[in-house]
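Presented below is the structure to which this report refers.
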Amino acid sequence: MSVKVMIPTPLRPYVGNRDAVTADGATVDEVLSNVTAANQQLKRHLFDDSGQLRNFVNVYLNDEDIRYLQRGTTPVHEGDTIFLIPSIAGGSSGAGSDFTYDDIQRYSRHLLLPEVGLSGQLKLKRAKVLVIGAGGLGSPLLLYLAAAGVGTIGIVDFDVVDFSNLQRQVIHSEKDVGRKKIDSAEERIKGINPTVKIIKFEERITSENALDIIKNFDIVIDGTDNFPTRYLVNDACVLLGKTNVYGSIYRFEGQVSVFDARKGPCYRCLYENPPPPGLVPSCAEGGVVGVLPGIIGTIQAMETIKLILGEGEPLIGRLVLFDAMKMKFKELTLRKNPRCPVCGENPTVHELIDYEEFCGLGRGNELSDDLSISAEELDRKLKAKEPVVVLDVREPQEWEINRIDGSLFIPVNDLPSRVSELSTADEIVVYCKGGQRSSYAVRFMRDIGFKKVRNLTGGIVEWALKVDPSMARY
Amino acid sequence: MRNNLAYDAGWSLLSRIGNTPLLALRKMTSDMPGTRIYAKAECFNPGGSVKDRAASKIIEDAEKQGLLGNGRILLDASSGNTAIAYAMICAVKGYRCRLVIPRNVAREKIEMLTAYGADLVLSDPLEGTDGAQRLARKMSEEEPELYFYADQYNNDSNWRAHYEGTAVEIVSQTRGHFDYFVAGVGTGGTFTGVSRYLREVFPEIKRVSVEPDGPFHGLEGLKRMDASIRPGIYDDTLADMHVDVTTEEAQGAVRRLARQEGLLVGPSSGAAVVACLKIAREHGGGSFVTVFPDGGQKYLGEKFWEVKE
Ligand SMILES: Cc1ncc(COP(=O)(O)O)c(C=O)c1O
Ligand SMILES: [Zn+2]
């Protein structure tokens, strides 16, 4: 067994001024006697006349004081390191949790702050934070948390970088298009702060894996933009007793809060039920100004750091609403709902449920086949000059980018007031970007008597893919 | 509010630095009729060691020169006792301090420093206090505007604390009626300051410096000068004699001091008493004044206590 023995500075002159020597042996004693066998000087410094190691010499095997192992008979293994440390009392050679010189350099601006200082910086170093989603919110979050010295960062993401992400997902670069977001994010984080430990979860967070993923972290940051995941993350955090730093963005507006059911309300206290599917467009549908996730994500990062430090007033029980156009922040006080199904007095949710279903997106809620039409079939009908009314329920800006020629245009939110512009006698095909909002429209129209209305499966995205590749995309 | 306190209530903590008792060690010399040893028991300082003296002088002088304040952080390297003294005084005065100490100093010291609220930077244990000193210097060079680098190894306020304090106390406690002044050297502050004063007022008193017998030792606080970064303030031309002590000899003396004199002190105190006894044996007695730099509480985790005698 070849083992490395680290030599303290005062003894280096006796080993040719090296800081380490290697020696063989099966136990610590054997290694040390082999090291000193041919070196009387070294032997005299380390051992007393009776051959005992002198009592102020502490011997560490890797990070452990051999006094707490099997003393001299502690077995050694290939690649182990023995440290000889002169010591008055059992100081520790343990590395890792200590503060190093490099840390002092890197975090000097933090160390100047009495609210952070060395002890706060150590708290950051020991903290474990999970960021769900390496997208718009995840980008600034990850960059700032890594730069600030959060020691362990978990990332959950299964997506790949798309060209349309670059407008706001600043952790990814153009060269990363097509690459897994989790890998591209890791590379950037390592570039900023290689000391950060990154734990990657390259999967969709689901009711099956959420508790396992979350349980080892102190704080969870929700950087996702869909309702099922938001409820899933909330419920998992309540069940595990974790803090959930929430942020959401849409167009020019954002929201931030900190949910900690042990001290205040949870997301379900605020929004007990999800909105009907399709009613609230996602950023992919409704758009978002690229700076907005930067603002909201950095607020989330700031809250996270405050929580780790235990300083300041966290956003628990408060919801911050941001309006970029007015450049105004508003604050709402949130109260814990005693009837909250997860964190209330008589909770009805004791384990994770099916959140797709809960949010009306489950298979049972999909439109049946006879209420849908494929892009190819619509194309065939139009080419055959069949009398089909094509209805676009997207927003005006989307309409400006692309549209199916000859379609009518009524944004989904205007539909109830403008539905009289349509005739129940017509065969109608409704589309939006991806099929969500249009299926909401189809259901609404069916309910009020339109019998021949159908949804374009996959929306204009599918259309562009299958029928009109020359179409501009967004 | 009632404020009818006893006449001497309201002393500040820092005013308790210095004026330590000079204890006679009778049992240690009971079989040596012509030998008397007296020790300044520095564990009576509020921070528990002789280094309260140097640290408070360093800080006071820095205040006078405007080097502290404005959020400047006091920075220094130490094997522990100076760090504790800085931490205590900075707590009283509201300064921030950042202390570089080798990772292998006694855990009890690290815990004390944390308790006082100091920032700690741990340096490579293989490199000892020299490594800590190099690191502190590097930090101060890189961000000079951030720190007041106290640099106890090269700061004249260190030895002056002993010149103006320890030495004057010794003279008033003895009227100068002793033969040898014996002190261990770490920064050399104690030895240099006291010796300078004695040379002026009682030049016939022999001045003895004490060092570990080699570079690799367990006498926390002391330095083997020929194998270390030499402190700028240490003036070895003041020494009439020089004594080397082994770690094991010093540890034996520490046990005897505890078990025969009821005095719980650290290893460097043991080294001091061993040096006195060596000289006494060689020169057929004499009267000695030495300094016991600190108490033994911080070293109770040490293996040498396990020996029964
Ligand atoms: C325990 C102990 N003994 C002795 C000394 C040496 O004192 P000086 O630095 O004045 O030489 C020190 C100084 O750090 C010490 O901590
Ligand atoms: Zn709730």
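The values are calculated or read from the model by the stated rules, or taken from the named source; none is laboratory data. In this text, all values refer to a predicted model and were calculated from it rather than measured experimentally. Backbone-built Cβ (ideal geometry, glycine too); neighbour counts: all protein chains shown. Ligands, DNA and RNA are stripped out before the accessible areas are found, and what is left, the full protein with its side chains, is counted by its heavy atoms. Shrake-Rupley method; radii C 1.70, N 1.55, O 1.52, S 1.80 Å.
Using mean Cβ contacts within 10 Å as the protection proxy, how do B:266-272, B:292-298 order, highest first?
Output ranking for B:266-272, B:292-298: B:266-272, B:292-298.
For peptide A:48-54, what's the mean number of Cβ atoms from other chains within 10 Å of each residue's Cβ?
Whole-number average of other-chain Cβ neighbours for A:48-54 is 2.
List the residues, sorted by chain then number, that are 5 or more residues from A:Val196 or on another chain and whose placed amide H is less than 5 Å from its amide H.
So A:Val196 has HN proximity to no qualifying residue.
Could you compute how much accessible surface A:Trp463 exposes when probed at 1.4 Å, giving the result in Å² to the nearest 10?
20 Å²
Report, by chain and number, residues whose modeled amide H sits under 5 Å from the one on B:Tyr149, excluding near sequence neighbours (fewer than 5 apart, same chain).
Excluding prolines and chain starts, which carry no amide H, the hits are B:Leu75.
Let me know the shape class of segment B:51-149, please: from the alpha-carbon gyration tensor, a ≥ b ≥ c as square roots of the eigenvalues, rounded when a/c is under 1.5, otherwise prolate if a/b is greater than b/c, or oblate.
Working: a/c = 1.88, a/b = 1.29, b/c = 1.46.
Verdict is oblate for segment B:51-149.
Where does chain A land at 222 nm, in deg cm²/dmol rounded to the nearest 500, when only DSSP H runs of n ≥ 4 count, each adding -39500 (n - 2.57), divided by all residues? Walk me through the numbers on the way to the answer.
On the way: 18 runs with 149 residues, N = 474.
Only helices count here, giving -8500 deg cm²/dmol.
Under the rule a/c < 1.5 gives rounded, and otherwise a/b versus b/c splits prolate from oblate, where does segment B:83-229 land using the Cα gyration tensor?
Prolate, since a/c reaches 1.5 and a/b exceeds b/c.
Suppose only helical runs count, i.e. DSSP H with n ≥ 4. What mean residue ellipticity at 222 nm does that imply for chain B under -39500 (n - 2.57) per run, divided by all residues and rounded to the nearest 500 deg cm²/dmol? Mind dumping the intermediate values first?
On the way: 9 runs with 110 residues, N = 309.
Helix contribution divided over all residues of chain B: -11000 deg cm²/dmol.
What order do A:Met6, A:Met1 take when sorted by accessible area (1.4 Å probe), most exposed first?
Heavy-atom accessible area, descending, gives A:Met1, A:Met6.
Can you give me the accessible area per residue for chain A, using a 1.4 Å probe, in Å²?
Here the residues of chain A average 46 Å² of exposed surface.
Quote the FRET efficiency, to the nearest 0.05, computed for B:Arg175 versus B:Asp240 with a Förster distance R0 of 25 Å and r equal to the Cβ-Cβ distance.
0.75
Summarise the partner chain shielding of B:122-131 as one whole number: the mean count of Cβ atoms from other chains within 10 Å of each residue's Cβ.
For this peptide, the per-residue mean of nearby foreign Cβ atoms is 6.
Might you tell me the accessible area per residue for segment B:51-149, computed with a 1.4 Å probe and given in Å²?
For segment B:51-149, the solvent-accessible area averages 35 Å² per residue.
I need the phi-derived Karplus couplings for segment A:444-452: 6.51 cos²θ - 1.76 cosθ + 1.60, θ = phi - 60°, integer Hz, Gly and Pro marked x.
So the J values, rounded to whole Hz, are 4, 5, 4, 4, 9, x, 7, 9, 10.
Could you list, in their original order, any pairs among B:Lys64/B:Lys93; B:Lys40/B:Lys223; A:Lys306/B:Lys93; A:Lys123/A:Lys200 whose Cα atoms are separated by more than 18 Å? Walk me through the numbers before you get to the answer.
Numbers: B:Lys64/B:Lys93 14 Å; B:Lys40/B:Lys223 20 Å; A:Lys306/B:Lys93 28 Å; A:Lys123/A:Lys200 22 Å.
The answer is B:Lys40/B:Lys223; A:Lys306/B:Lys93; A:Lys123/A:Lys200.
So, R0 is 25 Å and r is the distance between the beta-carbons of A:Glu208 and A:Met302; what FRET efficiency does that work out to, to 0.05?
Here the calculated transfer efficiency is 0.15.
Which order do peptides A:426-439, A:21-34 fall in by mean Cβ count within 10 Å, highest first? If you can, show how the numbers build up before the last one.
Working: A:426-439: 24.1, A:21-34: 18.4.
Descending mean neighbour count gives A:426-439, A:21-34.
Residues of segment A:196-222 with the amide nitrogen closer than 19 Å to a label point 7 Å from the Cα of A:Arg179, along Cα-to-Cβ, please.
Label zone hits: A:196-203.
Along the charge dipole of segment A:302-387, Cβ charges K/R +1 and D/E -1, which of A:Asn346, A:Ile373, A:Met325 sits furthest on the positive end?
A:Met325
Would you mind checking A:Lys433/A:Lys466; A:Lys381/A:Lys451; A:Lys263/A:Lys328; A:Lys197/B:Lys138; B:Lys138/B:Lys298 for any pair whose Cα atoms are more than 20 angstrom apart?
The answer is A:Lys263/A:Lys328; A:Lys197/B:Lys138; B:Lys138/B:Lys298.
Enter the mean number of other protein chain beta carbons within 10 Å of the beta carbon of each residue in B:98-107, as an integer. Provide the component values of the computation, followed by the final result.
Values: counts 4, 0, 2, 1, 5, 8, 13, 4, 5, 5.
Other-chain Cβ atoms within 10 Å of each residue's Cβ, averaged: 5.
Return the carbon/sulfur percentage of the accessible area of the protein assembly as shown, one whole number, probe 1.4 Å, all protein chains in place.
50 percent
Rounded if a/c is under 1.5, else prolate if a/b is larger than b/c, else oblate: which is segment A:79-238, with a ≥ b ≥ c the root eigenvalues of its Cα gyration tensor?
Because a/c hits 1.5 or more and a/b exceeds b/c, segment A:79-238 counts as prolate.
My understanding is that a pair violates if its Cα-Cα distance is over 20 Å; which of B:Lys51/B:Lys206; A:Lys128/A:Lys330; B:Lys109/B:Lys303 do that in this structure?
B:Lys51/B:Lys206; A:Lys128/A:Lys330
Pull up the DSSP beta bridges for chain A and report the antiparallel fraction as a percent, rounded to 5.
Looking only at bridges with both residues in chain A, the antiparallel portion is about 50 percent.
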